[in-house]
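Down below is the structure, laid out as structure tokens.
The values are calculated or read from the model by the stated rules, or taken from the named source; none is laboratory data. Everything numeric here is computed off the predicted structure, so don't read it as measured data. When we count neighbours, we look across all protein chains shown, and the Cβ atoms used for this are built from the backbone with ideal geometry, even at glycine. These accessible areas exclude ligands, DNA and RNA; they are computed on the full protein's heavy atoms, side chains included. Shrake-Rupley method; radii C 1.70, N 1.55, O 1.52, S 1.80 Å.
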Amino acid sequence: MRETAETTAEPWATLLVQLRGRSDDDGQGLDLGELTEASERLEALATLIAEDPRAAGVETRDTSTLGSRCEIPELTIYTTPDGLEGLIAEVERLGADLLLPLRLTPAVRTDDDWRDTWKQFYAPLVFSAATTTLLVRPSWIDRRPGDPELELVLDPGRAFGTGQHETTRLCLELLVALAEAGARPDRVLDLGCGSGILALAAARLFPQAAVVAADNDPEAADTTAENAAANKLEDRLEIRAATVLELSDSFDLTLANIRPGVLIPIAGDLARRLAPGGAVVLSGVLGEEAEDVLAAYTAAGLALADRRDLAEWCALVLRAAG
């Protein structure tokens, strides 16, 4: 006999994030003329909250979403019951920063259909150049005929980085492009490694390289170690719970998918740790923030070599002289 969902399913939680209209309450909501701009800011909130390790998935719904009946854009954030309270506080903080009047509706469910709903937002991703291709897929999706030989298997978990977020995609695109162009770094640093996805991608794409994955969050370092073992790359990575100031090594390639509030103050420190002719790939940067980030790194002696944009995010490649 099949057991009931109530006795078998692990609980999952959602946080529904809706824009408040002017008629909702005391006149503090949005009117129709403000919706377009507010919708763009709500999308920015979605991309920022997707970086939070407590968010297992973020779904955006609007009038263009298949099957959607909502006239005003909204978000559903998938999480665990333990992560719900912290996410509510973070969404309220971001909403205030973005001047968005929000209505938040949390819910905890234990039915079988609900607990796996978030998995539909994760799909295999292929990053390709002419002769270099990398596949990133979650473990519940099997390899398909014709999938590239080089692959990483990563599930959403405790630390940011599954390849789904625009900033991670940009970094992976640039890593594949560098490999295609013949880059052969001897030492690679993934600073703020999160899930370890960029360090693991570097290990796959540059088999000769020694790769250091560093994060000041010990939990991120633990998650990177787990993902390295799952991909049989544990012997290729040196994992450190450290900041850039605690690293004295020199690197041919540095990867840093971090927000400008961190990237800008450490520009000089990252530049000093680049070998002559070395490159740094920076992301976590909104397009409107790029000039400030670029100014800090050019002041540190690096020169812009490439820029790529995806949605409102961008990634920069800068090189040291040499």
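Residues being buried (at least 20 other Cβ atoms within 10 Å of the Cβ) and either in a helix (DSSP H, G or I) or among the aliphatic types (A, V, I, L, M) (or both): count how many of those fall in the range 267-293.
10
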Does SER68 qualify as being open to solvent by 40 Å² or more (accessible area, probe 1.4 Å), at pLDDT below 85, over 22 Å from the mean Cα position of the chain (by Cα) and of a type in the set (S, T, N, Q)? no
Considering only residues that are free of Cβ contacts under 8 Å to residues at least 60 places away in the same chain and farther than 23 Å from ALA181 by Cβ, which ones fall in the range 273-292? GLY287, GLU288, GLU289, GLU291, ASP292
Name, by its number, the condition in (1) at pLDDT 95 or above; (2) over 14 Å from SER283 (Cβ atoms); (3) in contact with a Phe, Trp or Tyr (Cβ under 7 Å, 6 or more places away or on another chain) that does not hold for SER195. (1)
Give the residues of the range 218-236 that are farther than 14 Å from LEU154 by Cβ and either open to solvent by less than 70 Å² (accessible area, probe 1.4 Å) or in a helix (DSSP H, G or I) (or both), sorted by residue number. PRO218, GLU219, ALA221, ASP222, ARG236
Here is a list of conditions, (1) of a type in the set (D, E, K, R); (2) crowded, with 16+ Cβ neighbours inside 10 Å; (3) part of a strand (DSSP E or B), and ASP306 meets all of them except one; can you say which number that is? (2)
Just the residues that are within 17 Å of PHE206 (Cβ to Cβ), without any contact (Cβ under 8 Å) to a residue 40 or more places away in the chain and over 19 Å from the mean Cα position of the chain (by Cα), please, taken from the range 226-244. LYS232, LEU233, GLU234, ASP235, ARG236, GLU238
Do any residues in the range 116-142 that are within 13 Å of LEU154 (Cα to Cα) and outside any strand (DSSP E or B) have Cβ atoms under 7 Å from those of residues that are at pLDDT 95 or above and of a type outside the set (D, E, K, R), where the two are at least six apart or on different chains, and which pairs are they? PRO124/LEU135
Can you tell me which residue is most open to solvent (accessible area, probe 1.4 Å) among those in the range 143-154 that are in contact (Cβ under 8 Å) with a residue 24 or more places away in the chain and assigned to a loop (DSSP other than H, G, I, E, B)? LEU150
Which of (1) farther than 28 Å from ALA305 by Cα; (2) open to solvent by 30 Å² or more (accessible area, probe 1.4 Å); (3) in a loop (DSSP other than H, G, I, E, B) does ARG184 not meet, given it meets every other one? (1)
Out of all the residues in the range 252-263, is one or more outside any helix (DSSP H, G or I), out of contact with any strand residue (DSSP E or B) (no Cβ under 9 Å at 6 or more places or on another chain), of a type outside the set (Gly, Ala, Ser) and in contact (Cβ under 8 Å) with a residue 40 or more places away in the chain? no
Conditions (1) touching a strand residue (DSSP E or B) at 6+ places or on another chain (Cβ under 7 Å); (2) of a type in the set (A, V, I, L, M); (3) under 22 Å from ALA177 (Cα atoms); (4) without any contact (Cβ under 8 Å) to a residue 40 or more places away in the chain -> ALA221 fails only (3)
Filter the range 309-322 for residues that are assigned to a strand (DSSP E or B) and open to solvent by 60 Å² or more (accessible area, probe 1.4 Å) and give the result. ASP309, ARG319
